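Working notes, beginning with the structure itself.
Just so it is clear, none of the values below were taken in a lab; they were calculated from the coordinates. Computed from a predicted model, the values in this text were never measured in an experiment. Counting neighbours? That spans all protein chains shown, and the Cβs are built from the backbone with ideal geometry, glycine included.
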Amino acid sequence: MQSVGIRRPPPPREKAPGRSIAISRSLRADILLLITALVWGFAFVAQRVGMEHVGPFVFNGVRFALGACALLPLAIRSTGRIFPRECSNAPAWLGYLCAGAALTAGASLQQIGMLHTTAGNAGFITCLYVILVPLFAALLGRRTPLGTVLGALCAVAGMYLLSINEQFRINPGDLMELIGAFFWAGHVLVAAWFAPRMNPIHLAVGQYAVCSVLSLIFAVVTGESFALDGLMDAAVPILYGGLLSVGLAYTLQLVAQRDANPSHAAIILSLESVFAALGGWLLIGETLTPRGMAGCALMLAGMLLSELWPRKNGMAPEHETCT
């Protein structure tokens, strides 16, 4: 009689530690990016409220000065640790000046536009720079993916529903935000050129400092008030815009995008515009009509198409702050 052996179940497979660590890092990065998008989205509300107490140039001048100071310790710590990737370095002062000038133009138009539009509209329209960046790159000779073209068409349709009224007139605040989006796109391209050629954290601090100085100069030229009462009344929005939106959120983005999946980053950071509309509704009672909601949905779809349409390298472009 043949003996029958008892079959023991195979030992459970152990998960590869490297894969578990990678998943953990990716999840942490996604959470940090979600927090970043939330902070940036609600920053539009802070900027909108701040306009009730101080002028747009004073607001930007003070908040970007705070942002530069908040990032300064990180910039000092990165000295000697982060080096340019390119063989030829770019002069630091030139990077600060070019990126700072483009940032000043985008931020100023955004802030002025908020005098005449809602935080939600400002958030969605500003974030159209996501589509404009590859379109500008196409003018420089780069191939434009089909997703960018389709995304631009969706965005145009969405912009029409969101901002054009029955008399075919555009809200002046929305128009300022749209013009500003072109400068935000230019800022992305300028920063993308300089960042590999110098310490990117130094570039961030330098451009914020330049933006602050230029904004304060424009405030003096245009006769904006520097009254202490106005600054105190706008203290909370300014502190939020400077320390959280510029200082904290930028740092979180730097940390997160070291481990983030580019497609995940594109989707999560695109929620910035959604959080802007949500924050406007929750905190200051702004509402969107069904027509406006449809426009926002089309614009968000256009942003995602532009970011996530398959490319040759299978990667989505990096996302950058627009607040």
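Per-structure values
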{"quantity": "Nearest-20 debye value, segment 120-230 charge dipole, Cβ charges on Lys, Arg, Asp, Glu", "calculated": "580"}
{"quantity": "Amide H partners (placed H, <5 Å) of residue 309, local residues excluded", "calculated": "none"}
{"quantity": "Estimated dipole of the chain in Debye, rounded to 20 [Cβ of Lys and Arg +1, of Asp and Glu -1, Cα centre]", "calculated": "1680"}
{"quantity": "Highest-MSF residue in the chain out of 200, 237, 91 [GNM, Cα springs under 10 Å]", "calculated": "91"}
{"quantity": "Dipole of the chain [Lys/Arg +1, Asp/Glu -1 at C-beta], most positive-end residue of 99, 276, 304", "calculated": "304"}
{"quantity": "Cut-off under 5 Å, modelled amide H: who pairs with residue 286 long-range", "calculated": "281"}
{"quantity": "251, 148, 117 arranged by Cβ crowding within 10 Å, fewest neighbours leading", "calculated": "251, 117, 148"}
{"quantity": "Hz values of 3J(HN,Hα) by residue in segment 145-161 - Karplus curve (6.51, -1.76, 1.60), Gly and Pro given as x", "calculated": "x, 4, x, 5, 5, 5, x, 5, 5, 4, 5, 5, 4, x, 4, 4, 5"}
{"quantity": "Candidates 215, 78, 108, ranked by Gaussian network fluctuation over the chain, Cα under 10 Å, top entry", "calculated": "78"}
{"quantity": "DSSP-loop chymotrypsin sites (Phe, Trp or Tyr not before Pro) across segment 158-251, with at most 11 other Cβ within 10 angstrom", "calculated": "168"}
{"quantity": "Residue among 169, 25, 48 with the largest mean-square fluctuation in a Gaussian network model of the chain, springs linking Cα atoms under 10 Å", "calculated": "169"}
{"quantity": "Relative contact order computed over the chain (Cα-Cα under 8 Å; 6+ residues apart), in percent", "calculated": "40"}
{"quantity": "177, 52 arranged by Cβ crowding within 10 Å, fewest neighbours leading", "calculated": "52, 177"}
{"quantity": "In order through segment 42-51: 3J(HN,Hα) via Karplus (6.51 cos²θ - 1.76 cosθ + 1.60), integer Hz, x for Gly, Pro", "calculated": "5, 5, 5, 5, 4, 5, 5, 5, x, 5"}
{"quantity": "Estimated 222 nm signal from helices in the chain, with DSSP H stretches of n ≥ 4 weighted -39500 (n - 2.57), rounded to 500", "calculated": "-23000 deg cm²/dmol"}
{"quantity": "Cα centroid separation - segment 244-293 against segment 115-164, whole Å", "calculated": "16"}
